[in-house]
Amino acid sequence: MSDKISPLGHKGLMLEEPLLFEQSQQGRSGVDLPETTQTKLRTGQPQRTEIGLPEVSEPQVVRHFVRLSQMNYSIDGGMFPLGSCTMKHNPRLNEKVVRLDGFAQLHPLQPQSTIQGALETIHQLENWLAELCGMPAITLNPAAGAHGELTGMMSIRKALQDKGEIRKIVLVSDNAHGTNPATASTCGYKIISVPSGSDGLVDLTAFNELVDKYGSEIAAFMFTNPNTCGRFEKDIKHIADKLHSVGAYFYCDGANFNAIVGKVKLGELGVDVMQFNLHKTFSTPHGGGGPGCGPVAVSKELEKYLPVPRVRHSNGVYSLEIENADTIGRIKAFHGHFGMMVRALAYMMSHGADGLRKVAEDAVLNANYILHHLKDDFHVPYKGICMHECLLTDKGLKEDGITTLDIAKGLIEYGFHPMTVYFPLVVSGAMLIEPTETESRESLDGFIKTMKHLAKQAKSKQKEHLKEMPLSTPRRRIDEVKAARQPILRYMK
Amino acid sequence: MRYLPHTNADRKAMLEEIGVTHIDDLFAGVPSGHLLNKLVDLPNHQGEIEVERALSALASKNLSAADAPFFIGAGCYRHHIPATVDYIIQRSEFLTAYTPYQPEIAQGTLAYLFEFQSYVAELTGMDVANASMYDGATSLAEAALMAQRITKRQTITIAPGLHPHYEQTLKTYLSTSGADIIVADKPSSDSAAFIIQSPDFFGTPHSLQDYRKACDDTGAKLIHVFTEVLSLGLLPPPKEADIVVGEGQSIGVGLGFGGPHLGLFACKKEYTRQMPGRLCGQTTDADGKISYVLTLSTREQHIRREKATSNICTNVGLCALAFTVHMSLLGEQGMKNLALLNHQKACDLADKLEEINDVKVINTSFFNEFTVQLPIDDAEDVVNKLAEKGILAGYPLHDGKLLITATETTTENDVTALTTALREVLA
C-alpha cells in the first residue's frame, strides 16, 4: 500500500501546493525595479528594515497561483446552482471592455472635463436600472448588496428624522438574508421578525397584527421578492398600502431580481427602496467573494437622501455633485465600484429589453424543470410552481441519517457545486437550488440525474458511503470546529 | 441570444414536460396585473461588435492616465501592475467562483485568502487581518464601530489630516448612533478611539509612539489608517496601534475610476472576535491534510443576523487576490525597493517644482505625496488649465494648495511636461 502513496502528495492533475512562505529563498524576486540612488530619506521616520514577506521568482508565483486555482470549482467549469446567489455565465466581453484604458486608467478625482465618458456610463446605467425597476432615482455608490441595504435604510432613517419622527422598529421577514436584520441593527433599529406562513409567503395575518400593534413605531419592513423560498410575494401591494397607512417605508431586497427582470416593476407595486446586486442579476463575476456592486433605487420622496457623489446631467454636460443639503452623506471613499458598473452595462446592452425578459423566463423555466423532476425524490416544503429557485429539504432522508450536508458533499463528489444549504432558515435542512438561465437542458438533465442518484443512495444500504464524501476532491471534509477552537489566521514561522 | 442556451423548441418541450403550455403559467404566482405585458423601454439585444463599439466610444471620451503625465493621488494611486496579476485574476477558477462556503472545492480561494491575511498582518505589524473590506474608508468606519463595541464608549476622536472622504464616510456610518466626532490632537477621557492617518492627507508621515501613550492614559483604542499601503515598505510598521486599516489599491488593483478598491483591516489578537468581515483559518481535513476554511463565522450576519459585528457579506475577494499576487511578486526586497523608488521619485519631483518661482513644497517630510503652495489662490483653475494641456497635475485644495504625487510610473518627461506647463499657466 505504502508504495502507492505519492511522495509529494500529488495525484495526477491534482497537485499539492505549499504556501509561498514555505517556498521562500532570500534573494529571489518576481520584479525587476530600477536601482534607487536615494541616500537621504525625507520621510522624517526611520527606514523600515524588515517586513516579513516571502521571496520567490515570477515562475514560482505563476505556478503557485495556477495550482491553487485548480483546487477551485467555478461557474466557467461547471454548474453552480447556489440558491439566491445567481451564479450565471460571466461573459468575457465584459472583462474586455472594463480593461479599456479609458475606463481602467481613470482617477476618481480627475477634472470633470476629462471624465465625461465615465460619468455618462454611470448615468446610462442608472437610467437602465430605473427603467427595469420602475423607480425614479438610483445611486450606484454602494459597494455590494449589504452596503446597498445600509444606504437604503440610512435614507429611510434620515427621511423619518426630517419629519421629526423617532421610530425604533424594523420588521424583517423570517426568510430574509442575514444582511437584512444586520443592516437594520447597524442603523440602530430593534428587529421584529415577521413569520412566513405554510405557503412560504409572508403570513399576512401576523404581518397585519404587527403593523396594527406597533403602528407609528415602525420605520420600515424589509423583505425579499421573489423571496428565498422561491416564491413571489403576491400580497406585495397590500403590504405596501398597509405600511404606508402607518407612515412606514417598504424596503424590498432585490437579491432575487433575476426572476423578474423585464417581467415585473417593483416600483409600481409600492416599494420605496430596493437594492440590486449587479454580481447576481447582471452577471458581474463573483470573484470568490466580491467585488460586488449594490445600486439602490428609491422613490421620488427619498431621492434627496441618496449618498454623494451623484452624477448630474444638463445641457449635454455631466457633473459630479459632491454635496447637498439632504444627503445621508458619503458611504465610501469614491463613487462606487465603477468596474462592476461597466461590466453590468455591457451585459445589459448585450441582452437588451428582449433578452432581459428572456433571462427571467428561462431562469424560472429552469428552476421549475428541476423542481418537476425532483419533486418525487425529495421533500418539497411548499407545493406548486416556483420562481427562479426551488426549495427542497432533507425530510424523509434525515430520519435515516442522511442530511442536506451529505447530499451537498455527494454532489461535490459527483462533479457539481452544491446548492445553497440550510438557508432559508424557515425550513429544516433547506436545499435551495437556483440553476439560472445560462444552464442548458442537457446540463439540467445531468444535475437531475445526479440528484436522483443521490436520493436513491440515501435510501439504500450503501448510504454510509455518502457520509465519507467527497473522496476525489483536493480536500475531504474539513474540520471546521478545530478551525474555530484554535484559530490559525496567518502564517507563522 | 448568445448567453441563453435554450432554443424555442427546448423551451416548448420543457414546458410540456412540466405540464404547462405557456411560460407565464410559471409566473402564476405573480398577480396578473403585476406582470408587464410588453417589453421595457430599452433597446433590444446587441452583438459583441455593437456593444464593444458603444462602450469603446464612451471610454474614448475620457482622458486616461495612460495618455497623460499623471500626478494625482489623494487616496488613489497609479502604480505599475505586473502582467502576471491580471492573468491570474482572470483565471476562470478564481474569477467565476463564489465565496468559499464549500471548502473542499474552494481551497484555491481559501489558500490565497490565508496568504493575503498573512501579508496584511506582516505589513501592518498586527496579529490578525481579515479577508478584506470594501475600501479604506469603510474599513475605517468599521474600525470605529469596533472600537465603540470594545470600549462601550461612543466618541470618536480624529487627528487633523484625515482624508476628507474618510471623515465623511465615518460621519455617515456614525450618524445612526449620534456619536460625536471630534478633531483633536489627542484622545479625550470619553474617546472610544483615536484615529491617526499616516502619511496624512497632506502627505506627512507620523510616528505613533506619543499617541500610544495618550491612548493608554485615556483608554481609547488607537486606530492607524493609511491611504497608500506602499508607504509600509519604507515607514516603520504601525505596531503601536490597536487596529490598523487602510486602502490596499496601490498593490495590484489599479485606479479603475475609484473602485473596486481594497479595504485592509488588521488588529491585535485580543480583538479578533470583535472584527467585522470574513476570516480564513487553517485546519485539517478528514485525511489530516492541512486545509483552509472560513472561520469564526459566529461574528457574521449569515449566522448571527441582527447580533452580527457588521452587516458586511460580499467583500472584494478578487482585489485581495490581485494584491496577493502582486505582493508575492514583489516579496520582501521588492516591496522595500518599490517604496524607496516611490520616495525618490517624489523627492525629485519636489526639487523640480521648487525651482519654479514662488512654488513652495509645504511638507518637510513625505513619502510619495506632498502639498505645494502655488502663488495663486485658485488651484482648481490651475489644474483645469493643465488638464486642457493634457496633464493631470494633482488634486487641488483650498488657498492655492495642490496635492501632488509621484510613483514608479512617473518619468522625467512627465516631470518636465508638468513643470513647463505649470510655468506657463502661472506666468
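The values are calculated or read from the model by the stated rules, or taken from the named source; none is laboratory data. Note that the structure is a prediction, hence the values are computed from the model and not measured. Here the Cβ positions follow ideal geometry from the backbone for every residue, glycine too, while neighbour counts run over all protein chains shown. When the accessible area is computed, the model is the full protein with side chains, heavy atoms only, and any ligands, DNA or RNA have been set aside. Shrake-Rupley method; radii C 1.70, N 1.55, O 1.52, S 1.80 Å.
Looking only at the range B:85-324, where both bridge partners belong to it, what percent of the DSSP beta bridges are antiparallel (to the nearest 5)?
45 percent
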* Asked: Sorted by accessible area (1.4 Å probe), largest first, how do B:I356, A:I322 line up?
  -> A:I322, B:I356
* How crowded by other chains is B:278-290, given as the mean number of beta carbons from other chains within 10 Å of each beta carbon? -> 6
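Can you list the trypsin sites (Lys or Arg not before Pro) in the range B:1-46 that are in a DSSP coil and have 10 or fewer other beta carbons within 10 angstrom? Don't skip to the answer; put the middle values down first.
On the way: sites: B:R2, B:R11, B:K12, B:K38; in loops: B:R2, B:K38.
Passing sites in the range B:1-46 are B:K38.
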* **the range A:93-349: translational diffusion in µm²/s, Stokes-Einstein, Kirkwood Rh over Cα pairs, 20 °C, 1.002 mPa s** => 115 µm²/s
* Asked: Counting DSSP beta bridges with both partners in chain A, what percentage is antiparallel, nearest 5?
  -> 55 percent
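Just from its helices, what would the mean residue ellipticity at 222 nm be for chain B, if runs of 4 or more DSSP H residues each count -39500 (n - 2.57) and the sum is divided by every residue, rounded to the nearest 500 deg cm²/dmol?
On the way: 12 runs with 156 residues, N = 427.
Rounded to the nearest 500, it is -11500 deg cm²/dmol.
Sorted by packing (mean other beta-carbon atoms within 10 Å per residue), highest first, where do A:121-132, A:30-41 land? Intermediate values should be presented prior to the final figure.
Values: A:121-132: 21.0, A:30-41: 12.3.
Result, highest mean first: A:121-132, A:30-41.
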* Relative contact order (percent, whole number), the range A:93-349, Cα cutoff 8 Å, 6+ residue spacing -> 29 percent
* Could you work out the helix-only [θ] at 222 nm for chain A, with each DSSP H run of four or more residues adding -39,500 (n - 2.57) and the total divided by the number of residues, to the nearest 500 deg cm²/dmol? -> -10500 deg cm²/dmol
* **Net lengthening on full extension, B:A28/B:R53 (0.36 nm per residue, minus Cα-Cα)** => 5.0 nm
* Structure fact -> A 1.4 Å probe over the protein heavy atoms gives the protein assembly as shown a carbon and sulfur accessible-area percentage of 50 percent
* To do: Could you work out how far the C-alpha centroid of the range A:116-138 sits from that of the range A:16-93, in angstrom?
  => 36 Å
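I'd like the interface area for chains A and B: accessible area of each alone minus the complex, both sides summed, 1.4 Å probe, protein heavy atoms only. What is it in Å² to the nearest 100?
That pair of chains buries around 16500 Å² in total.
Which value, in Å², gives the accessible area per residue of the protein assembly as shown when a 1.4 Å probe is used on the protein heavy atoms?
On the way: 31530 Å² over 920 residues.
In whole numbers, the protein assembly as shown has 34 Å² accessible per residue.
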* Asked: How high is the relative contact order of the range B:85-324, given as a whole-number percent (alpha carbon pairs under 8 Å, six or more residues apart)?
  -> 27 percent
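For peptide B:164-174, how many partner chain Cβ atoms fall within 10 Å of a residue's Cβ, on average? Write out the running numbers ahead of the final one.
Numbers: counts 2, 8, 3, 1, 9, 6, 2, 3, 11, 6, 0.
Whole-number average of other-chain Cβ neighbours for B:164-174 is 5.
Among bridges DSSP assigns within the protein assembly as shown, what percent are antiparallel (round to 5)? Mind showing how you got there, number by number?
Working: 47 of 82 bridges.
Bridges in the protein assembly as shown are about 55 percent antiparallel.
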* Leaving ligands, DNA and RNA out of it, work out the accessible area of A:K452 with a 1.4 Å probe and give it in Å² to the nearest 10. => 80 Å²
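Mind checking the dipole of the range A:188-330: about its Cα centre, +1 per Lys or Arg Cβ, -1 per Asp or Glu Cβ, Debye to the nearest 20?
On the way: 14 positive and 16 negative charges, 87 e Å.
With Lys and Arg at +1 and Asp and Glu at -1, about 420 debye.
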* Asked: With each pseudo-label sitting 7 Å past Cα toward Cβ, what's the B:K171-B:D351 distance in nm, one decimal?
  -> 4.1 nm
* To do: Step through the residues of the range A:383-396 one at a time and calculate ³J(HN,Hα) from phi using the Karplus curve (6.51 cos²θ - 1.76 cosθ + 1.60, θ = phi - 60°), rounding each to whole Hz and writing x for Gly and Pro.
  => 5, x, 6, 10, 8, 8, 9, 10, 10, 10, 9, 8, 4, x
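With respect to the cross-link table entries A:K96/B:K38; A:K190/A:K213; A:K4/A:K493; A:K482/B:K269; A:K190/A:K280; A:K96/A:K280, which display a Cα-Cα separation exceeding 25 Å?
Details: A:K96/B:K38 32 Å; A:K190/A:K213 15 Å; A:K4/A:K493 32 Å; A:K482/B:K269 18 Å; A:K190/A:K280 29 Å; A:K96/A:K280 19 Å.
Over 25 Å Cα-Cα: A:K96/B:K38; A:K4/A:K493; A:K190/A:K280.
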* Got a number for the accessible area of B:K239? Probe 1.4 Å, square angstrom, nearest 10. -> 120 Å²
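Do the alpha carbons of any pairs in A:K88/B:K12; B:K61/B:K352; A:K40/B:K268 sit beyond 26 Å of each other, and which pairs? Write down the numbers at each step before the final one.
Values: A:K88/B:K12 22 Å; B:K61/B:K352 32 Å; A:K40/B:K268 33 Å.
From the list (A:K88/B:K12; B:K61/B:K352; A:K40/B:K268), the Cα-Cα distance tops 26 Å for B:K61/B:K352; A:K40/B:K268.
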* In what sequence, highest mean first, do B:300-311, B:258-269 appear when ranked by Cβ atoms within 10 angstrom? -> B:258-269, B:300-311
* **the range A:93-349 - charge dipole about Cα centre, Lys and Arg +1 at Cβ, Asp and Glu -1, debye rounded to 20** => 380 debye
* Asked: Is there a simple number for the mean count of other chain Cβ atoms within 10 Å of the Cβ of residues in A:128-137, and what is it?
  -> 1
* Asked: To the nearest 20 debye, what charge dipole does chain A have about its Cα centre, counting +1 at the Cβ of each Lys and Arg and -1 at the Cβ of each Asp and Glu?
  -> 820 debye
* Structure fact -> Using alpha carbon centers only, the range A:338-361 is separated from the range B:109-181 by a whole-angstrom value of 34 Å
